[in-house]
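The values are calculated or read from the model by the stated rules, or taken from the named source; none is laboratory data. As the structure is a prediction and not an experimental result, all values here were calculated from the model. Methodologically, a virtual Cβ is constructed for each residue, glycine included, from the backbone with ideal geometry; neighbour enumeration extends over all protein chains shown.
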Amino acid sequence: MSEQSQNPQPSAADLEHVEKLKTAYHAMKAEMRKIIVGQDEVVDQLFMALFCRGHCVLVGVPGLAKTLMISTLAKVLSLSFNRIQFTPDLMPADITGTEVIQQDRVTGERSFKFLPGPVFANVILADEINRTPPKTQAALLEAMQENQVTVGGQRHDLDRPFFVLATQNPIEQEGTYPLPEAQLDRFMFMVKVDYPSLDEEREIIRRTTEMRDEQVSAVLDSADIMELQKIVRRVPIADHVLDYALRLTRSTRLTTDQAPDWTREWLSWGAGPRASQFLVLAGKARALLQGRFYVSADDVRAVAHPVLRHRLVTSFGAEAEGVTTDKVVDRLLAEIDPNRSEALADGKLPGVVTR
């Protein structure tokens, strides 16, 4: 029985939303390609995270157009954009905003007025987030999780949609403050931005050394995005696909029976429940972008690396042998059968989880 046949038939409204998102997706990719050469997989992951209400950490060496990619994404989506350059002397108030005393010129009365910080925008580029101390890094936690900031005991709601994209330079380690695991776990994806291919780099050189003034057009607006974010969570997922996501996550936890013996040699810490949640959500978003209203095991496999790579902690022995978290995920994907589930083992057809 195919995975599609195990899911309920989508309604006409559902199919209309799927077609709308698929059309918008291709239009957005076309607009992005006017400015960005290559990096299709990176752009796809950014779109998936946005439609899942998630946030991303982008890791890559300088000069790979991470900032340009993010600012272009904001233009294509007609969203406000702010860049925050993280430095060792940056304070939390420099991000969230601060209260100042303002005097009324007529009455002479003084009162506090809140001046919003750069975090009050739809798309936030937290550039080189590992260069600022933990106190300032933590200023983003409430914003990312609650879509609000608290200043002077007063809560201030952030604009929606709200999308944080933090960048890290993997080369320089001196004078940096690596993000703690608890904060990394709040990011849906860790996206690796790699070097371009030979043909892509040739095209980059041509574009950037000639007189070009490419302009991108907005494809969606904030209202469209928020509506599509709701649709993502309505995509049904079969029980055996959900079980597959669970097995991928639980196989990394050394205290569970599902963990293979080799993980006890390669890992010192496994992924938490957020990993399972994001595997399913990202799978739903990918399915919609592919024009489907059901999640397949291939969707889960496709998002396993960006979801899991920053949630696993390799052991000292594994690091000494050059084993990375990506290699751990590769082995999990190779060994775990996506077609096996507890429901199928009992001779029952898998059900469907819609929420």
Exactly one of 93, 65 is out of contact with any Asp or Glu (no Cβ under 6 Å at 6 or more places or on another chain) and on the phi > 0 side of the Ramachandran plot, and that residue is 65
Exactly one of 43, 61 is more than 24 Å from residue 161 (Cβ to Cβ), out of contact with any strand residue (DSSP E or B) (no Cβ under 7 Å at 6 or more places or on another chain) and surrounded by 13 or more Cβ atoms within 10 Å (Cβ to Cβ), and that residue is 61
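Quick check on segment 230-254: of everything there that is in a helix (DSSP H, G or I) and touching a Leu at 6+ places or on another chain (Cβ under 8 Å), which residue is farthest from residue 333 (Cα to Cα)? Spell out the reasoning first.
Within segment 230-254, the first condition is being in a helix (DSSP H, G or I), and the residues that meet it are 230-232, 239-250.
Narrowing the set further to residues that are touching a Leu at 6+ places or on another chain (Cβ under 8 Å) leaves 231-232, 240, 245, 248-249.
Working: 231: 28, 232: 24, 240: 15, 245: 11, 248: 8, 249: 11 Å.
Residue satisfying both the conditions and the ranking: 231.
Of the residues that make up segment 110-120, is at least one modelled with pLDDT of 85 or more and closer than 24 Å to residue 178 by Cα? Give the derivation first.
Going residue by residue through segment 110-120, those that are modelled with pLDDT of 85 or more are 118-120.
So of that shortlist, the ones also closer than 24 Å to residue 178 by Cα come out as 118-119.
Yes, because at least one residue in segment 110-120 is modelled with pLDDT of 85 or more and closer than 24 Å to residue 178 by Cα.
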message: I'd like to know if segment 97-104 contains one or more residues that are in a loop (DSSP other than H, G, I, E, B) and assigned by TED's automatic domain parsing to the domain that holds residue 35.
response: yes
With criteria (1) part of a loop (DSSP other than H, G, I, E, B); (2) modelled with pLDDT of 85 or more; (3) surrounded by fewer than 20 Cβ atoms within 10 Å (Cβ to Cβ), residue 211 comes up short on (2)
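Name the single residue that is nearest to residue 183 (Cα to Cα) among those in segment 27-81 being in a helix (DSSP H, G or I) and of a type in the set (Gly, Ala, Ser).
If we filter segment 27-81 for residues that are in a helix (DSSP H, G or I), which is where we start, we get 27-33, 40-51, 66-76.
Subset that is of a type in the set (Gly, Ala, Ser): 27, 30, 49, 71, 74.
Numbers: 27: 34, 30: 34, 49: 17, 71: 24, 74: 24 Å.
In this case the residue turns out to be 49.
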Checked segment 82-96 for anything in contact (Cβ under 8 Å) with a residue 40 or more places away in the chain and either assigned to a loop (DSSP other than H, G, I, E, B) or surrounded by 19 or more Cβ atoms within 10 Å (Cβ to Cβ) (or both); matches are 84, 86, 87, 88, 90, 91, 92, 95, 96
The lone condition residue 278 fails out of (1) modelled with pLDDT under 90; (2) within 26 Å of residue 23 (Cα to Cα); (3) outside any loop (DSSP other than H, G, I, E, B) is (1)
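Would you check which residues across segment 229-243 are within 20 Å of residue 123 (Cα to Cα) and buried (at least 20 other Cβ atoms within 10 Å of the Cβ) and list them?
Pass one, segment 229-243, residues within 20 Å of residue 123 (Cα to Cα): 229-230, 232.
Across segment 229-243, the qualifying residue is only 232.
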With respect to residue 295, is the statement that it is assigned to a helix (DSSP H, G or I) and either in contact with a Leu (Cβ under 7 Å, 6 or more places away or on another chain) or among the hydrophobic types (A, V, I, L, M, F, W, C) (or both) true?
no
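Test residue 215 against the stated conditions and say whether it is out of contact with any Gly (no Cβ under 7 Å at 6 or more places or on another chain), of a type in the set (S, T, N, Q), closer than 22 Å to residue 30 by Cα and not assigned by TED's automatic domain parsing to the domain that holds residue 325.
Values: out of contact with any Gly (no Cβ under 7 Å at 6 or more places or on another chain): yes; of a type in the set (S, T, N, Q): yes; closer than 22 Å to residue 30 by Cα: yes; not assigned by TED's automatic domain parsing to the domain that holds residue 325: yes.
Yes.
Would you check if there is a residue in segment 178-200 being among the basic types (Lys, Arg), at pLDDT 85 or above and more than 16 Å from residue 50 (Cα to Cα)?
Going residue by residue through segment 178-200, those that are among the basic types (Lys, Arg) are 186, 192.
Narrowing the set further to residues that are at pLDDT 85 or above leaves 186, 192.
Next cut, more than 16 Å from residue 50 (Cα to Cα) only: 192.
Yes, there is a match, as at least one residue in segment 178-200 is among the basic types (Lys, Arg), at pLDDT 85 or above and more than 16 Å from residue 50 (Cα to Cα).
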Note on segment 157-177: residues modelled with pLDDT of 80 or more and either hydroxyl-bearing (Ser, Thr, Tyr) or outside any loop (DSSP other than H, G, I, E, B) (or both) are 157, 163, 164, 165, 166, 167, 168
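Among the listed residues 218, 271, 259, which satisfies the condition of being among the hydrophobic types (A, V, I, L, M, F, W, C) and free of Cβ contacts under 8 Å to residues at least 12 places away in the same chain?
Details: 218 fails: free of Cβ contacts under 8 Å to residues at least 12 places away in the same chain; 271 fails: free of Cβ contacts under 8 Å to residues at least 12 places away in the same chain.
Among 218, 271, 259, only 259 is among the hydrophobic types (A, V, I, L, M, F, W, C) and free of Cβ contacts under 8 Å to residues at least 12 places away in the same chain.
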